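Here is the structure we will look at.
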Amino acid sequence: MKDMKLSMYIKDVLFDYKFFETLDAINKTHSQRAAAKSLGISHSVLNRRIINAEAKLNESLVCVSRGGSYLSDFAFNVLDEYETYSLRLNDFDGDITVAGGPISCEFLKALAIGYNLDNIRVIETDIDTAYDLANRGMVDILGFDDPVQAYIYDIEPVALGRDFLSLVAHENESFTSIYDLDGLSFIEVENSAQRLVWNSLVDYDVNFDIVGSVHSFHEALKITEGDENIYTFINNSMSYRSQPTFDILKQHTSHIISALNVKNDSLVESFLNFASHNAQNTTVDFGFKHLLE
């Protein structure tokens, strides 16, 4: 995120840009120590910022698990609102702005490095917010984590690569068949490609329960880490290693990650053409599958 020295009210409490930079750093690094280092402050200073803000808001902002530190749903939404606010108040100075879900945005950031595209800023948010920003002329590239999102809006984006979903299980468990999932309980991540999992389980007459829904994969992972009776699915490209994963639905959940050149910009068109053709080796390196697989 670009340096935007803006303050914003949350629940009638005014927070300056340092607070939002803290949230952004934690969201990017998934580590409070790494976040503090990136901001040039001590871990204790960062920790006090979070604790003081949580007390003022009476809300949890950071969730800690074996996989690292992640923003709570509340904090993620606050950061998203701040980034939207910042975009509205700042001039666009030639930067290419990307908005979309976490999978497509992380993928586009990696591809931008391969293309030597350094004037790019990324807003990871839900698809409805991203689409609204695009309609307001505030976004150059719209990223789609799930092809059905583009279908809903009657959009034909550029295909970038393929991904699939893996089961997140627990230690000393083994899964080799879709029928091994019978009777299990799951946490759903809203607006993700997990719909492919649920549709597959229904098609194979596998009994299952969705016991809750969250806004992010990180929230889902925290819940599964804390409850051995709860499971979830994540994108293979996320490279999650804290708990065992199984690709038993690899063929059933393969889907396209894509992006749209919102303003028909020539530089964006060139970048997306590179991403969908010349960068396929990079695509595989980041955990995605080649488009032709």
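The values are calculated or read from the model by the stated rules, or taken from the named source; none is laboratory data. Fair warning: this is a prediction, and the values are worked out from it, not measured in the lab. Glycine also receives a Cβ, built like all others from the backbone with ideal geometry; neighbour counts cover every protein chain displayed. Quick note on the areas: whole protein, heavy atoms, side chains included, nothing else; ligands and nucleic acids left out. Shrake-Rupley method; radii C 1.70, N 1.55, O 1.52, S 1.80 Å.
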Treating each Cα of region 160-293 as an identical point scatterer and ignoring solvent, apply the Debye formula and state log10 I(q)/I(0) at q = 0.09, 0.10, 0.15 Å⁻¹.
-> -0.31, -0.38, -0.76
Kirkwood hydrodynamic radius (C-alpha pairs) into Stokes-Einstein, region 12-94, 4 °C and 1.567 mPa s, D in µm²/s = 98
Rg/Rh of region 108-156 (Cα atoms, Kirkwood Rh), to two decimals, equals 0.99
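Taking all protein chains in place and a 1.4 Å probe, what share, in percent, of the accessible surface of region 155-293 do carbon and sulfur account for? Mind showing how you got there, number by number?
Working: 2840 of 6720 Å².
Carbon with sulfur: 42 percent of the solvent-accessible area.
What number, rounded to the nearest 500 deg cm²/dmol, is the helix-based mean residue ellipticity at 222 nm of the chain, given -39500 (n - 2.57) per DSSP H run of at least four residues and division by all its residues?
Details: 11 runs with 114 residues, N = 293.
The per-residue figure over the chain is -11500 deg cm²/dmol.
Arrange the peptides 223-229, 95-101 so that the one whose residues have, on average, the most other Cβ atoms within 10 Å appears first. Please list the in-between numbers first.
On the way: 223-229: 14.1, 95-101: 24.1.
Going by the mean number of other Cβ atoms within 10 Å, highest first, we get 95-101, 223-229.
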Pop out the ³J(HN,Hα) list for region 216-226 in order, Karplus 6.51 cos²θ - 1.76 cosθ + 1.60 with θ = phi - 60°, rounded to Hz; leave Gly and Pro as x.
-> 9, 5, 5, 5, 5, 5, 4, 5, 5, 5, x
Burial-style ranking of 241-247, 117-123, average other-beta-carbon count within 10 Å with highest first, yields 117-123, 241-247
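Looking at region 141-194 from every direction and averaging, what is the projected area of its Cα convex hull in nm²? Don't skip to the answer; put the middle values down first.
Details: hull surface 22.5 nm².
With the hull built on Cα positions only, its mean projection is 5.6 nm².
Looking at the chain, send over the antiparallel percent of its DSSP beta bridges, to the nearest 5.
Details: 23 of 39 bridges.
The antiparallel proportion sits near 60 percent.
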Scale the Cα Rg of region 89-224 by the rule-of-thumb value 2.2 N^0.38 Å and send over the ratio, two decimals.
-> 1.24
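Whole number in Å², please: accessible area per residue of the chain, 1.4 Å probe, ligands, DNA and RNA not counted.
Values: 14010 Å² over 293 residues.
Per-residue accessible area for the chain comes out at 48 Å².
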Could you check what % of the DSSP bridge pairs in region 1-143 are antiparallel, to the nearest 5?
-> 45
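Find the relative contact order for region 1-67 and round it to a whole percent, using C-alpha pairs within less than 8 Å whose residues are 6+ positions apart. Mind showing how you got there, number by number?
Values: 47 pairs, mean separation 13.9, N = 67.
Relative contact order, region 1-67: 21 percent.
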Within the P(r) computed for the chain, what percentage of the Cα pairs occupies the region above 36 Å?
-> 17
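For region 1-142, take the convex hull of the Cα atoms, compute a quarter of its surface area, and give me that in nm², please. Show your work: numbers first, answer last.
On the way: hull surface 35.3 nm².
In nm², the orientation-averaged hull projection of region 1-142 is 8.8.
Beyond 25 Å between alpha-carbons counts as too far, so tell me which of Lys28/Lys222; Lys109/Lys289; Lys37/Lys289; Lys109/Lys263; Lys11/Lys109; Lys28/Lys263 fall in that bin.
Numbers: Lys28/Lys222 17 Å; Lys109/Lys289 17 Å; Lys37/Lys289 34 Å; Lys109/Lys263 19 Å; Lys11/Lys109 32 Å; Lys28/Lys263 27 Å.
Listed pairs above 25 Å: Lys37/Lys289; Lys11/Lys109; Lys28/Lys263.
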Across Ile248, Ile234, Ile256, the residue with the highest GNM fluctuation in the chain (Cα network, 10 Å cutoff) is Ile248
Assign one of three labels to region 61-158, namely rounded, prolate or oblate, based on the Cα gyration tensor with a ≥ b ≥ c the square roots of its eigenvalues; rounded applies when a/c is under 1.5, prolate when it is not and a/b is larger than b/c, and oblate otherwise.
-> rounded
Taking Cα pairs under 8 Å and at least six residues apart, what relative contact order does region 179-253 come out at, in percent?
-> 39
Mean projection area, nm², convex hull over Cα of region 184-234 = 3.2
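Place the peptides 18-26, 151-159, 171-179, 209-217 in order of packing, highest mean first, counting for every residue the other Cβ atoms within 10 Å and averaging per peptide.
Numbers: 18-26: 21.7, 151-159: 14.3, 171-179: 11.0, 209-217: 16.8.
Sorting 18-26, 151-159, 171-179, 209-217 by mean packing, highest first, produces 18-26, 209-217, 151-159, 171-179.
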